[in-house]
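Working notes for the structure below.
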Amino acid sequence: MADAISKRSPGAAGALAHNGAGPAGDPLTLAGRTLHSRLIMGSGGFASLTLLAEAIAAGGSEVVTVALRRIEPGARGSLIDVLAEAGVELLPNTAGCHTARDAVLTARLAREAFASDWIKLEVIGDEDTLLPDAPELLRAAEELIDEGFLVLPYTTDDPVLARRLVDLGCAAVMPLGAPIGSGMGIRNPYNIALLREAVEVPVVLDAGIGTASDAALAMELGCDAVMVASAISRAQDPVRMAAAMRAAVHAGRLARTAGRIPRRLYASPSTQDEGLPDLR
Amino acid sequence: MIIVNGKESELPAGETLAAALERLEIPLEGRGIAVAVDGEVVPRAQWPSFALSEHARVEVLGAMQGG
């Protein structure tokens, strides 16, 4: 795939295997924090908070996304308690926002609610595909960066848009592999590889992951981390799938830093011909 | 009429945000809660003194599971 024709060495995304071969993997610095897990989990879609907590433990995630919604009278912050108990960093999102204005206000509310400058910026432009609205996304990113947020935008797999977001000062980019919740995997791996080369900030593959091999592919393409929500929470056994994602992300990262062999059309023997006996 | 989370409320104008939240049984020390009035964030420190106007639109938001 695209890695065989990459302009850059596989090490573009980080240092090589001497510090990446440990069971915990090589650490990632994401928006000012050092992470040892490259699997970011979404908290949405779990049938219960107990299941969410078990999946986080199995996946080993250190960062979990949360949304903001109207609270009902008498409601208590049990989700927050569960996530605090799990010891994870919260990554608030602006899910459901369709304009820069709504996203900016939601981000400000998230900062107030969670005392965090991190924001996973989502500005949706289409109800059926939930694809990002690029002009609104850029507008919101610019405003939030001005206000001191560390912005992690959910974006398309367009390398040019990613570069524009990074030029504005985004701390990372979160390109989609396929539409949110579609489980279609990475539909354009070449674009993800190009995007990886287009920006110097961490790239977190977001949306589209369906199963473990999709997560491994994202890492092999050079992504620095993978964000998984529905593929875990809506799996038949979410806890087992979280463990699978953890292993896949780790394997993909190891393979990326190990440097894969180039693809070739014809065979290339791994056993030398020299010393071959004459058996006629 | 003061609107709270899209619904008409019984709250009288002039009531503070802190008192309004108390009526909604939202603990003031609760984590992961944020409030906007008329589209502007009201920082937690201002809740006890922030007086709601007659037509205030209050949004009280909390953490919810989400991607």
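The values are calculated or read from the model by the stated rules, or taken from the named source; none is laboratory data. All values derive from a computational prediction rather than experimental measurement. Cβ: placed from backbone, ideal geometry, glycine included. Neighbour counts: every protein chain shown. Just so you know, the surface numbers come from the protein's heavy atoms only, side chains and all, with ligands and any DNA or RNA stripped out. Shrake-Rupley method; radii C 1.70, N 1.55, O 1.52, S 1.80 Å.
Laid out as a table, the results:
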{"quantity": "Shielding by partners - mean other protein chain Cβ count within 10 Å, residues of A:105-117", "calculated": "5"}
{"quantity": "Overall Cα dimensions of segment A:189-230, principal axis frame, Å, largest first", "calculated": "28, 16, 13"}
{"quantity": "Hydrodynamic radius by Kirkwood, which averages 1/r over all alpha carbon pairs of segment A:44-183, in angstrom", "calculated": "15.8 Å"}
{"quantity": "Average other protein chain Cβ within 10 Å of Cβ, residues A:78-86", "calculated": "3"}
{"quantity": "Carbon plus sulfur fraction of accessible area for segment A:56-199, probe 1.4 Å, in percent", "calculated": "48 percent"}
{"quantity": "Residues with amide H under 5 Å from that of A:Val66, placed H, sequence gap 5 or more", "calculated": "A:Leu91, A:Asn93"}
{"quantity": "Pairwise FRET efficiency - A:His36 versus A:Leu279, Cβ, R0 = 51 Å, nearest 0.05", "calculated": "0.40"}
{"quantity": "At 1.306 mPa s and 10 °C, Stokes D of chain B from Kirkwood alpha-carbon radius, µm² per second", "calculated": "132 µm²/s"}
{"quantity": "Cβ-defined net charge surrounding A:Asp117, 10 Å radius [Lys, Arg +1; Asp, Glu -1]", "calculated": "0"}
{"quantity": "10 Å Cβ neighbours from other chains, averaged over peptide B:31-44", "calculated": "5"}
{"quantity": "Rounded to the nearest 20 debye, dipole of chain A from Cβ charges on Lys, Arg, Asp, Glu", "calculated": "500 debye"}
{"quantity": "Formal net charge of residues neighbouring A:Asp157 (Cβ-Cβ distance under 12 Å; K, R +1; D, E -1)", "calculated": "0"}
{"quantity": "Å³ per residue enclosed by the Cα convex hull of segment A:108-218", "calculated": "104 Å³"}
{"quantity": "For the protein assembly as shown: accessible area per residue (Å², 1.4 Å)", "calculated": "47 Å²"}
{"quantity": "Where B meets A: accessible area buried, both sides, 1.4 Å probe, Å²", "calculated": "2400 Å²"}
{"quantity": "Net charge of neighbours whose Cβ lies under 10 Å from the Cβ of A:Pro175, counting Lys and Arg as +1 and Asp and Glu as -1", "calculated": "-2"}
{"quantity": "Residues with amide H under 5 Å from that of A:Trp118, placed H, sequence gap 5 or more", "calculated": "A:Leu150"}
{"quantity": "FRET efficiency, 1/(1 + (r/R0)^6) with R0 51 Å, evaluated for B:Glu8 and A:Arg187 via beta carbons", "calculated": "0.65"}
{"quantity": "DSSP beta bridge pairing in the protein assembly as shown, given as percent antiparallel to the nearest 5", "calculated": "45 percent"}
{"quantity": "A:Arg234 paired with B:Arg57, simple spin-label distance in nm, labels 7 Å along Cα-to-beta-carbon", "calculated": "3.1 nm"}
{"quantity": "Alpha carbon centroid spacing (whole Å) that separates segment A:78-149 from segment B:6-55", "calculated": "22 Å"}
{"quantity": "FRET E, pair A:Arg69, B:Ser49, Förster distance 30 Å, beta-carbon r, rounded to 0.05", "calculated": "0.70"}
{"quantity": "Percent breakdown of C-alpha pair distances by 20 Å bin, ordered from the shortest bin, for the protein assembly as shown", "calculated": "30, 51, 15, 3, 1, 0"}
